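K.L.:
Starting off with a structure, shown below.
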Amino acid sequence: ASQIKIIQSRTEGVIQDRYSLRCSPQILGPIIDTISIFSDWLEQEINSTSDNPLVDPETGEIAMGGNFYGGYLSQGMDYLKISIANMADHIDRQLTTLFDDHTNKNLPPNLAGWPGLAEHERHLHHGLKGLHQSTNAITSEIMAMATPNSIFSRSSESHNQDKVSLGMSAAITCEAMIEKLLTVQTLNLTCLAQALDLRKIKLNGPRSSAIYDLIRKHIPYLQHDQELGSSLLNLKESLRAQSRSFEDLN
């Protein structure tokens with residue numbers, strides 16, 4: 001929670017942070033719980049018995065049920081898609097606050113490396129503005145994909161399959177959204193590293209410092225505008241490869 005000081009009946013500093021900062025635990029809590037619940041559903045479904053049909057090897061009796069139906073997987077994927085959209089939107093809102101020189105508490109506009117530039121040169125450099133714009137655009141793509149697939153069930157096979165789960169469709173869409181979210185997070189982390197260096201803040205936590213070191217392995221502090229495409233792709237792949245090792249750090 002943010003704290004303020006009252007001097008002569010007037011507040012000193014910002015009264016309260018925006019929701020994307022102040023309410024982060026409440027925004028991320030339902031997402032974490034959704035992932036946990038769906039993980040349980042996924043484990044149960046993978047280990048369950050299907051029947052299309054089941055045949056008793058001793059009696060030859062055939063059992064026709066519906067355990068093959070992917071309802072839990074479909075709705076679980078849909079819930080995960082909604083969570084992904086909220087995560088991307090949360091990142092985008094926080095990044096907007098960080099880039100806007102009216103709200104970023106005296107950081108340079110667009111996180112440009114102004115401290116090392118002559119004043120007459122500063123307007124020539126856009127900093128990481130392109131990364132912010134890309135984050136905003138990709139977030140819009142993610143949110144457009146968050147509509148539940150399971151509600152679009154259509155009758156098929158002469159109405160035998162009259163209510164299908166569309167679990168595969170939900171899973172394919174979810175996979176595409178996860179890939180886009182990884183891109184958004186790659187851009188976000190690059191911007192956060194730039195802000196830390198502008199503030200001259202050194203991280204001490206094992207997880208946060210490891211992530212910072214990984215970012216700086218691929219992308220240096222930006223003093224001047226430069227092309228970052230290939231470096232961002234390399235960082236994205238490194239984040240994908242090392243995501244599990246970050247989870248194991250204390």
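The values are calculated or read from the model by the stated rules, or taken from the named source; none is laboratory data. These figures come from a predicted structure and were not determined experimentally. Because the Cβ atoms are built from the backbone with ideal geometry, glycine has one as well, and the counts that use them run over all protein chains shown. For the accessible areas, the whole protein counts, side chains as well, though only heavy atoms, and no ligand, DNA or RNA atoms are used. Shrake-Rupley method; radii C 1.70, N 1.55, O 1.52, S 1.80 Å.
K.L.:
Cβ-Cβ under 7 Å, sequence separation 6+ or interchain: first residue in region 20-33 and open to solvent by 70 Å² or more (accessible area, probe 1.4 Å), partner not in a helix (DSSP H, G or I). Which pairs?
P.N.:
Matching pairs, first to second residue: ARG22/SER2; ARG22/GLN16.
K.L.:
Continuing with the same structure: Take the conditions assigned to a loop (DSSP other than H, G, I, E, B) and within 30 Å of GLU227 (Cα to Cα) and apply them to LEU95. Does it pass?
P.N.:
no
K.L.:
In the list GLN185, GLN226, which residue meets the criterion of being open to solvent by 70 Å² or more (accessible area, probe 1.4 Å), of a type in the set (S, T, N, Q) and under 30 Å from LEU124 (Cβ atoms)?
P.N.:
GLN226
K.L.:
Also, quick follow-up: Checking ASP51 against (1) in a helix (DSSP H, G or I); (2) modelled with pLDDT under 95; (3) touching a Gly at 6+ places or on another chain (Cβ under 8 Å), which single condition isn't satisfied?
P.N.:
It is condition (1) that ASP51 fails.
K.L.:
Sticking with this structure for a sec: For the list (1) assigned to a loop (DSSP other than H, G, I, E, B); (2) within 18 Å of ASP225 (Cα to Cα); (3) at pLDDT 90 or above, I need the number of the one condition that LEU131 fails.
P.N.:
(1)
K.L.:
Then there is this: Check ASP56 against each of (1) open to solvent by 30 Å² or more (accessible area, probe 1.4 Å); (2) touching a residue at least 12 places away in the same chain (Cβ under 8 Å); (3) over 30 Å from ASP197 (Cβ atoms) and name the one condition it does not meet.
P.N.:
(2) is the only condition that ASP56 fails.
K.L.:
So, in region 149-170, exactly how many residues are open to solvent by less than 100 Å² (accessible area, probe 1.4 Å) and closer than 13 Å to TYR72 by Cα?
P.N.:
Start the filter on region 149-170 by keeping residues that are open to solvent by less than 100 Å² (accessible area, probe 1.4 Å), which leaves 149-150, 153, 155-156, 161-162, 164-167, 169-170.
Still in the list and also closer than 13 Å to TYR72 by Cα: 149-150, 164-167, 170.
The number of residues fulfilling the criteria is 7.
K.L.:
May I pose another question? Looking at the structure I just gave you, is LEU189 assigned to a helix (DSSP H, G or I), under 11 Å from LEU131 (Cβ atoms) and out of contact with any Lys or Arg (no Cβ under 9 Å at 6 or more places or on another chain)?
P.N.:
So LEU189 passes the test.
K.L.:
Here is a list: GLN44, GLN16. Which entry is over 30 Å from ALA144 (Cβ atoms), in a loop (DSSP other than H, G, I, E, B) and either among the aliphatic types (A, V, I, L, M) or in contact with a helix residue (DSSP H, G or I) (Cβ under 8 Å, 6 or more places away or on another chain) (or both)?
P.N.:
That would be GLN16, the only listed residue that is over 30 Å from ALA144 (Cβ atoms), in a loop (DSSP other than H, G, I, E, B) and either among the aliphatic types (A, V, I, L, M) or in contact with a helix residue (DSSP H, G or I) (Cβ under 8 Å, 6 or more places away or on another chain) (or both).
K.L.:
Sticking with this structure for a sec: May I ask you to verify whether HIS102 is modelled with pLDDT under 85 and farther than 18 Å from ALA193 by Cα?
P.N.:
No: the conditions fail for HIS102.
K.L.:
Could you tell me how many of the residues in region 190-246 are over 17 Å from the mean Cα position of the chain (by Cα) and in contact (Cβ under 8 Å) with a residue 40 or more places away in the chain?
P.N.:
Count: 12.
K.L.:
Can you give me the number of residues within region 192-223 that are outside any loop (DSSP other than H, G, I, E, B) and open to solvent by 60 Å² or more (accessible area, probe 1.4 Å)?
P.N.:
Selection size over region 192-223: 6.
K.L.:
Just checking, how many residues over region 137-148 are surrounded by 16 or more Cβ atoms within 10 Å (Cβ to Cβ) and outside any loop (DSSP other than H, G, I, E, B)?
P.N.:
So the count comes out to 4.
K.L.:
Enumerate the pairs (first residue in region 78-97 and among the β-branched types (Val, Ile, Thr); second residue anywhere and not in a helix (DSSP H, G or I)) with beta-carbon separation below 7 Å, excluding pairs fewer than 6 apart on the same chain, so at least 6 apart or on different chains.
P.N.:
ILE82/ALA146; THR97/ARG18; THR97/THR103; THR97/ASN104
K.L.:
Criterion first (at negative phi, hydrophobic (A, V, I, L, M, F, W, C) and not in a helix (DSSP H, G or I)) does VAL184 satisfy it? Show your work before the answer.
P.N.:
Working: at negative phi: yes; hydrophobic (A, V, I, L, M, F, W, C): yes; not in a helix (DSSP H, G or I): no.
No; evaluated as a whole, the condition is false for this residue.
K.L.:
In addition: Any chance region 118-125 includes a residue that's more than 30 Å from HIS218 (Cα to Cα) and either of a type in the set (Gly, Ala, Ser) or not in a helix (DSSP H, G or I) (or both)?
P.N.:
Looking for residues that are more than 30 Å from HIS218 (Cα to Cα) and either of a type in the set (Gly, Ala, Ser) or not in a helix (DSSP H, G or I) (or both), one finds none in region 118-125, hence no.
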